[in-house]
Amino acid sequence: MTDLAQSAVTRNRRNSRWTTGRIVETALSYLAFAVVATIVLFPLTWVLLGSFKNPSEIFAYPPTIWPRDFTWTNYADVIRRTDLPKYLLNTTIVTAFTLVFTLAIGTVAAYGFSRWRFPFKQTILVTLLVLQLIPSAVNIVPYYVMMSWLGLLNTHVGLILIYTATHIPFTIWIMKGFFDTLPESLDEAAIIDGCSRFRVFWNIILPLSLPGLSAAGFLTFLAAWSEFLVPLVIANSREVAVMSVGLYNFFGIDSNTAYHYAFAASVMSTAPIVIAYLFAQEYLVSGLTSGSEK
Amino acid sequence: MSRQRSAKALMARHQYIFFIAPAIFLVLGFTAYPALYGVTISFTNMHFAYPDFRFVGLENYWRFISWSDLPKVGFNTVFFVACVVALQLSLGLLIALLLNKALFGRRLMRSVAILPWIIPAIIIALMFQQLFNGSRLGIMNALLANFGFDTRSWLSNPNEAMAVMILAVVWRGVPLSIILQLGGLQTIARELYEAAAIDGATRWQTLRFITLPNLKPILLINLIMITSGTLNHIDIPLALTGGGPGNSTEVLALSLFKQGFQSLDAAYASTIATIILILNLLLTIAYLRVLRRKDEKDD
Amino acid sequence: MAEVRLSQIEKFYGAVKVIHGIDAVFEDGEFVALVGPSGCGKSTLLRMIAGLEEITVGDIYIGEKLVNDLAPKARDIAMVFQNYALYPHMTVADNMGFSLKLSGEPKQNRDRRVNEVAEILGLQDLLGRYPRQLSGGQRQRVAMGRAIVRDPQVFLFDEPLSNLDAKLRISMRGEIKQLHQRLKTTTIFVTHDQIEAMTMADRIVVMNDGRVEQVGTPIELFDRPKNLFVAEFIGSPSMNLLSGKIEKSASKNVFRTAGGESLPVMQSLSAGDEVVYGVRPEHLTLSRTGVEAEVIIVEPTGSETQVVFALGTEKIVGLFRERVTAQPGDLLKILPDPDQIHLFDRATGDRL
Ligand SMILES: Nc1ncnc2c1ncn2[C@@H]1O[C@H](COP(=O)(O)OP(=O)(O)OP(=O)(O)O)[C@@H](O)[C@H]1O
Ligand SMILES: [Mg+2]
């Protein structure tokens with residue numbers, strides 16, 4: 001047999017792995033995925049496209065999917081005529097502080113759990129995990145009472161306190177998992193070089209933990225930005241309301257009145273998360289699974 | 001020579017306290033403390049409209065048992081949780097299996113499939129309200145009409161409202177299921193599949209005898225997490241249906257909110273909270289059991 | 001530069017005692033190797049000197065200073081780790097200059113010092129790289145550079161060569177030794193590889209199970225091991241050790257193995273003593289006057305030949321400069337060099 005024929009045979013053999021069965025299976029997989037993608041993307045696209053429709057088109061029958069003409073008037077109206085900008089600003093403030101405090105306190109604690117051996121360490125970690133599972137629904141009445149004791153009803157401080165406390169446990173778990181993968185000799189080398197423990201954490205360990213930090217940071221950001229029940233109960237005055245509370249109060253249940261605002265407002269309220277998601281995505285799945293393993 | 005311990009060495013050894021103390025205090029203060037305090041409130045007659053309250057023993061619990069709405073709310077809760085768990089777990093598994101295939105464009109697919117998870121509950125509620133608007137303006141009704149079906153009243157019909165609520169919660173919840181199960185799938189050693197292929201296993205047999213058994217701990221954990229997550233979930237029911245029409249979509253967690261912040265009956269709300277807490281506790285114990293068994297298997 | 005003095009050092013982990021009272025002096029400018037089997041406490045001891053591990057009992061002096069309570073940075077030491085522990089997010093130059101930066105050295109001085117040291121180690125071209133862009137040997141050198149930059153009183157090395165491949169390890173040995181000759185800084189070098197210790201160190205401390213077995217120059221340890229442990233640990237292939245008795249035969253002492261073979265001894269011992277008879281493989285010769293032993297394995301390496309014999313019931317290894325052409329099963333006559341025989345008390349393991 002010539003070399004050419006030989007290589008043709010091997011090529012053929014390789015190709016033969018693409019059996020009909022496999023082709024059908026691949027096709028079905030893509031089809032199944034197309035269904036999933038439609039179910040996920042259809043409502044979102046519909047809202048996004050709706051935000052660019054003229055109010056008259058939104059209320060016209062039959063409803064359309066693709067806008068007849070794109071317009072920014074809904075956005076302009078939401079910004080000028082509603083309090084959404086203020087709500088979004090409030091949300092940003094609360095989320096930003098929550099993010100900073102949660103990551104600061106959580107990563108520092110994670111470092112402590114990762115680098116020292118001490119009595120009841122495992123018990124404390126598991127307890128944190130269990131406390132994390134207490135839902136805000138269960139604590140909502142006590143939160144209201146506690147905040148009125150502390151004089152923090154209708155303040156951002158109250159929200160930040162609660163958010164920070166409830167997001168610290170998973171931050172600790174994710175970050176501890178991450179720190180555990182960094183060899184302790186790094187810390188020791190830095191200590192010998194003259195670092196204090198805190199400096200080791202800040203100058204050496206933290207810069208090496210950006211993937212974990214972005215995963216934990218994104219989760220905190222997502223939760224704080226979206227939180228609904230807690231702010232609805234303890235901070236629902238117009239001045240301090242966050243996005244979710246504002247939208248709830250504005251659109252209420254079954255209020256058909258302001259549809260054309262709802263689309264644009266929804267898009268504006270979700271955009272920051274989607275943007276953050278795009279940035280954090282790379283680290284997210286690995287960070288999440290490392291946190292969920294234990 | 002005696003064992004010597006200098007103050008400095010002691011400092012170094014116990015420095016961790018400075019690292020972990022702030023976190024521990026905050027977490028205890030704003031999770032454990034309120035939970036316990038909530039339990040004590042359930043033994044009083046605290047009401048947000050009145051300043052004074054006193055100890056009343058188990059009175060609130062008797063009220064709960066003889067509560068006229070309990071059968072309806074209880075049924076709703078069980079139905080809601082069961083449907084959400086079944087759908088979320090199975091869809092999550094199917095899509096995770098799909099995403100675990102070596103398909104071109106897998107990363108993009110994963111990002112798309114996970115997308116609903118990042119949408120805030122309030123937005124989902126608003127969105128589903130509009131999708132399932134009962135008038136002919138709702139896009140779902142428009143689609144139905146387009147294909148020659150009758151339009152529906154959706155959120156103003158008790159059964160359809162429940163269905164929409166379940167759909168909304170599942171739509172948002174499946175991604176977490178996918179993430180967890182995809183993580184589980186990726187920890188199954190490739191050698192297992194290769195060995196199975198050498199043994200001549202069909203794809204179905206591989207799934208049945210390799211994938212599912214290895215995934216079982218994750219599925220169990222996921223099951224428990226979804227159960228408690230759904231049981232405790234208030235956001236979408238509150239914003240989407242508010243329990244209506246009537247109390248046809250009122251679930252236990254939503255009753256808690258309504259009792260506490262619409263009827264202002266703090267004690268009664270805390271009673272419901274305590275019952276939910278106990279249910280969560282049972283689920284948590286189950287969760288820790290599974291984890292421990294998983295750890296033993298890993299070693 | 002300074003001497004390091006350990007006095008009655010003990011270490012407990014909880015209730016477990018891992019270091020059992022160690023006294024040692026490492027002299028100024030000396031290169032000392034700490035050797036011993038895995039788990040014997042070498043790293044623990046080194047880390048106590050570094051200040052990374054609390055001293056449970058005892059005192060450590062560096063120079064005249066009692067350092068028990070001093071933080072590592074105040075002890076004026078530098079350490080090189082087994083995995084190098086280079087900061088992955090810093091360049092080579094930043095890695096090397098980090099300690100100077102922390103001590104507030106102006107940037108100009110820092111750069112000068114880093115460049116000086118980089119030149120010594122041949123790292124000039126790598127200063128801008130990150131650790132992940134370096135080979136194992138280069139990382140190793142950066143780790144040493146980081147230690148040298150500080151110009152410390154004492155260098156501490158914890159198995160710095162064990163992550164390198166065999167060839168590189170040998171060349172790094174030479175480099176480290178040269179460096180020491182140049183800098184003359186007191187160096188404590190932990191290794192479990194006795195050849196590394198033998199080739200590099202001025203003196204060796206042999207540890208076992210948290211205790212010091214013997215301290216001495218490589219030659220002392222090789223020629224006069226104080227006990228069975230050191231005898232077996234030092235030297236490769238390791239010393240043949242045979243149990244048996246001293247007997248008087250024709251006015252001369254001989255050693256009789258359990259199997260009845262008799263081997264010559266020089267020392268005057270009383271007959272009947274239960275001893276362990278030690279002879280290094282390289283001190284066996286093929287001689288017509290020797291005892292007969294059966295060849296089991298022949299391993300020629302080119303420059304020498306290693307032969308495993310069965311002597312009665314015991315195995316005995318010989319290392320010969322000459323080519324041995326025997327086949328397994330052949331009988332050869334072997335004779336230990338009577339001047340190179342080590343006898344140990346069977347009960348205590350101590351040298352007789
Ligand atoms: N943090 C610790 N807690 C409890 N025991 C420890 C700890 N660190 C070390 N040990 C024990 O102390 C003993 C000495 O350990 P060390 O690391 O000093 O050994 P080594 O001589 O360096 O061994 P190797 O050659 O393997 O590095 C070992 O028995 C070890 O199990
Ligand atoms: Mg060691």
Unmet criterion (only one of (1) assigned to a helix (DSSP H, G or I); (2) more than 17 Å from B:F79 (Cα to Cα); (3) open to solvent by 30 Å² or more (accessible area, probe 1.4 Å)) for B:G229: (2)
Of the criteria (1) modelled with pLDDT of 90 or more; (2) within 8 Å of chain A (Cβ to nearest Cβ), which one B:L89 fails: (2)
Given (1) in a loop (DSSP other than H, G, I, E, B); (2) surrounded by 22 or more Cβ atoms within 10 Å (Cβ to Cβ); (3) more than 16 Å from ligand 2 (Cβ to nearest atom), index of the condition C:H89 fails: (2)
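Checking the structure you have, find out if any residue of the range A:154-161 is within 7 Å of chain B (Cβ to nearest Cβ) and open to solvent by 40 Å² or more (accessible area, probe 1.4 Å).
Step one: filter the range A:154-161 for residues within 7 Å of chain B (Cβ to nearest Cβ), giving A:161.
Adding the requirement that they be open to solvent by 40 Å² or more (accessible area, probe 1.4 Å) leaves A:161.
The answer is yes; a qualifying residue exists.
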Sole exception among (1) open to solvent by 50 Å² or more (accessible area, probe 1.4 Å); (2) more than 14 Å from every other protein chain (Cβ to nearest Cβ); (3) within 25 Å of C:I176 (Cβ to Cβ); (4) of a type in the set (K, R) for C:K65, by number: (3)
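Residue by residue, here is whether (1) closer than 19 Å to A:I65 by Cβ; (2) touching a residue at least 24 places away in the same chain (Cβ under 8 Å); (3) in contact with a helix residue (DSSP H, G or I) (Cβ under 7 Å, 6 or more places away or on another chain) holds:
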site: B:L108; (1), (2), (3): no, no, no
site: B:S111; (1), (2), (3): no, no, yes
site: B:F128; (1), (2), (3): yes, yes, yes
site: B:I139; (1), (2), (3): yes, no, yes
Residue check, C:R169 at pLDDT below 90 and assigned to a helix (DSSP H, G or I): yes
Among (1) crowded, with 21+ Cβ neighbours inside 10 Å; (2) touching a residue at least 24 places away in the same chain (Cβ under 8 Å); (3) in a strand (DSSP E or B); (4) assigned by TED's automatic domain parsing to the domain that holds C:K11, the one test that C:V215 misses: (1)
Residue in the range C:226-234 that is buried (at least 16 other Cβ atoms within 10 Å of the Cβ), under 31 Å from the mean Cα position of the chain (by Cα) and modelled with pLDDT under 85 present: no
Residue within the range A:131-149 that is under 26 Å from the mean Cα position of the chain (by Cα), modelled with pLDDT under 90, open to solvent by less than 50 Å² (accessible area, probe 1.4 Å) and within 22 Å of B:I17 (Cβ to Cβ) present: yes
From C:Q8, C:Q82, residue being away from ligand 1 (no atom under 16 Å from the Cβ) and surrounded by fewer than 23 Cβ atoms within 10 Å (Cβ to Cβ): C:Q8
Elements of type helices (runs of 4 or more DSSP H) in the range B:68-132, at least 2 residues being among the charged types (D, E, K, R): B:106-114
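Somewhere in the range C:70-86, is a residue within 16 Å of ligand 2 (Cβ to nearest atom) and more than 14 Å from chain A (Cβ to nearest Cβ)?
No, that holds for no residue.
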Cβ-Cβ under 7 Å pairs, at least 6 apart or on other chains, the range A:107-127 side more than 7 Å from every other protein chain (Cβ to nearest Cβ) and more than 15 Å from A:W202 (Cβ to Cβ), far side more than 16 Å from ligand 2 (Cβ to nearest atom) and of a type in the set (D, E): none
Any chance A:S29 is more than 12 Å from chain B (Cβ to nearest Cβ), without any contact (Cβ under 8 Å) to a residue 40 or more places away in the chain and among the small types (G, A, S): no
Members of the range C:36-60 found to be within 11 Å of ligand 2 (Cβ to nearest atom) and farther than 19 Å from C:A74 by Cβ, listed by number: C:G36, C:P37, C:S38, C:G39, C:C40, C:G41, C:K42, C:S43, C:T44, C:L45
Total residues in the range B:142-160, condition outside any helix (DSSP H, G or I), within 20 Å of B:L240 (Cβ to Cβ) and charged (D, E, K, R): 1
Positions within the range C:180-193 being within 16 Å of ligand 2 (Cβ to nearest atom) and open to solvent by 20 Å² or more (accessible area, probe 1.4 Å), in sequence order: C:H192, C:D193
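Each row is one residue, and each column tells you yes or no for (1) charged (D, E, K, R); (2) touching a residue at least 12 places away in the same chain (Cβ under 8 Å); (3) in contact with an Asp or Glu (Cβ under 7 Å, 6 or more places away or on another chain); (4) not assigned by TED's automatic domain parsing to the domain that holds C:R173.
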{"position": "C:D193", "(1), (2), (3), (4)": "yes, yes, no, no"}
{"position": "C:D202", "(1), (2), (3), (4)": "yes, yes, yes, no"}
{"position": "C:M207", "(1), (2), (3), (4)": "no, yes, yes, no"}
{"position": "C:R211", "(1), (2), (3), (4)": "yes, yes, no, no"}
{"position": "C:P225", "(1), (2), (3), (4)": "no, yes, no, no"}
{"position": "C:I246", "(1), (2), (3), (4)": "no, yes, yes, yes"}
{"position": "C:S249", "(1), (2), (3), (4)": "no, yes, no, yes"}
{"position": "C:V254", "(1), (2), (3), (4)": "no, no, yes, yes"}
Single match in A:T91, A:T102, A:T164 (criterion: assigned to a helix (DSSP H, G or I), under 30 Å from A:W46 (Cα atoms) and in contact (Cβ under 8 Å) with a residue 12 or more places away in the chain): A:T91
Subset of the range C:138-175 [within 16 Å of ligand 1 (Cβ to nearest atom) and touching a strand residue (DSSP E or B) at 6+ places or on another chain (Cβ under 9 Å)]: C:L156, C:F157, C:D158, C:E159, C:P160, C:L161, C:S162
Count of the range B:126-163 residues which are more than 8 Å from every other protein chain (Cβ to nearest Cβ), more than 26 Å from the chain's Cα centre (by Cα), buried (at least 17 other Cβ atoms within 10 Å of the Cβ) and not basic (K, R): 3
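Conditions (1) of a type in the set (V, I, T); (2) farther than 30 Å from B:L97 by Cβ; (3) open to solvent by less than 10 Å² (accessible area, probe 1.4 Å), marked per residue:
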{"position": "B:A168", "(1), (2), (3)": "no, no, yes"}
{"position": "B:H233", "(1), (2), (3)": "no, no, no"}
{"position": "B:A239", "(1), (2), (3)": "no, yes, yes"}
{"position": "B:G246", "(1), (2), (3)": "no, yes, no"}
{"position": "B:E250", "(1), (2), (3)": "no, yes, no"}
Where a residue in the range C:152-167 is more than 11 Å from ligand 2 (Cβ to nearest atom) and its partner, wherever it lies, is assigned to a helix (DSSP H, G or I), with Cβ under 6 Å and at least six apart: C:F155/C:A147; C:L156/C:L46; C:L156/C:A50; C:L161/C:R169; C:L161/C:M172; C:L164/C:G136
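When the range A:167-203 is examined, which residues are found to be more than 10 Å from every other protein chain (Cβ to nearest Cβ) and either under 18 Å from C:A147 (Cα atoms) or in a loop (DSSP other than H, G, I, E, B) (or both)?
Correct list: A:T181, A:V200.
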Matching residues, the range C:14-62, being within 11 Å of ligand 1 (Cβ to nearest atom), part of a loop (DSSP other than H, G, I, E, B) and more than 13 Å from chain B (Cβ to nearest Cβ): C:G36, C:P37, C:S38, C:G39, C:C40, C:G41
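The values are calculated or read from the model by the stated rules, or taken from the named source; none is laboratory data. What you see is a predicted model, and the numbers here were worked out from it, not measured in a lab. Cβ coordinates were reconstructed from backbone atoms using ideal geometry, including for glycine residues, and neighbour counts include every protein chain displayed. What goes into the accessible areas is simple: the full protein's heavy atoms, side chains included, and nothing from ligands, DNA or RNA. Shrake-Rupley method; radii C 1.70, N 1.55, O 1.52, S 1.80 Å.
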